[in-house]
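The values are calculated or read from the model by the stated rules, or taken from the named source; none is laboratory data. Not measured: the values here are computed from a predicted model. Here the Cβ positions follow ideal geometry from the backbone for every residue, glycine too, while neighbour counts run over all protein chains shown. Ligands, DNA and RNA are stripped out before the accessible areas are found, and what is left, the full protein with its side chains, is counted by its heavy atoms. Shrake-Rupley method; radii C 1.70, N 1.55, O 1.52, S 1.80 Å.
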Amino acid sequence: MRLPLRHRPLLALLLPALLGLAAAQDAPPLAPPAPLGAPVNAVQPAVLTLPRLLQDLRTSPGWRGADLTYRAAELQLQSARARAGLTVQAGASASLSKVPWDGGDWALTPTVTASFALPVLPWSPQREPCAGPSGR
């Protein structure tokens, strides 16, 4: 996924911090000593780990906003293709067989398919005048 230009400075600021945390993951975390008179079973502060930081980063509003922007661009592209009437489909499959099973040779049969369609008939749905926002 490519980040928009406005998110790159944020990534440039966070990258050194993330790399420093990744390097710190090799050493075991040190807990501060308990103050005198503190109960033995006192709750220790949570240790920040790289997986937890990355999980929190993915749930941040900025990251979700970037994901939604990317999805909106995908939907706009699909909408433009639908309005233009251009349909593109691609697929691939493969088959591996050995005949006879005991002593035959392996045979690989790959198949790649692609199809393009553009409606040209005047009564196709893409050629019909559509009602825009004005309701015409």
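Being modelled with pLDDT of 75 or more, open to solvent by 90 Å² or more (accessible area, probe 1.4 Å) and within 19 Å of the chain's Cα centre (by Cα) narrows it down to one residue among Leu118, Leu75, Leu68; which is it?
Numbers: Leu118 fails: within 19 Å of the chain's Cα centre (by Cα); Leu75 fails: open to solvent by 90 Å² or more (accessible area, probe 1.4 Å).
Result: Leu68 is the single residue among Leu118, Leu75, Leu68 that is modelled with pLDDT of 75 or more, open to solvent by 90 Å² or more (accessible area, probe 1.4 Å) and within 19 Å of the chain's Cα centre (by Cα).
Would you mention how many residues in segment 35-57 are modelled with pLDDT of 80 or more and surrounded by fewer than 10 Cβ atoms within 10 Å (Cβ to Cβ)?
Going through segment 35-57 one residue at a time, the tally reaches 1.
Only residues that are at negative phi, open to solvent by less than 80 Å² (accessible area, probe 1.4 Å) and not in a strand (DSSP E or B): list them for segment 78-99, please.
If the condition is that a residue be at negative phi, open to solvent by less than 80 Å² (accessible area, probe 1.4 Å) and not in a strand (DSSP E or B), then Ser79, Ala80, Ala82, Ala84, Leu86 are the ones that fit.
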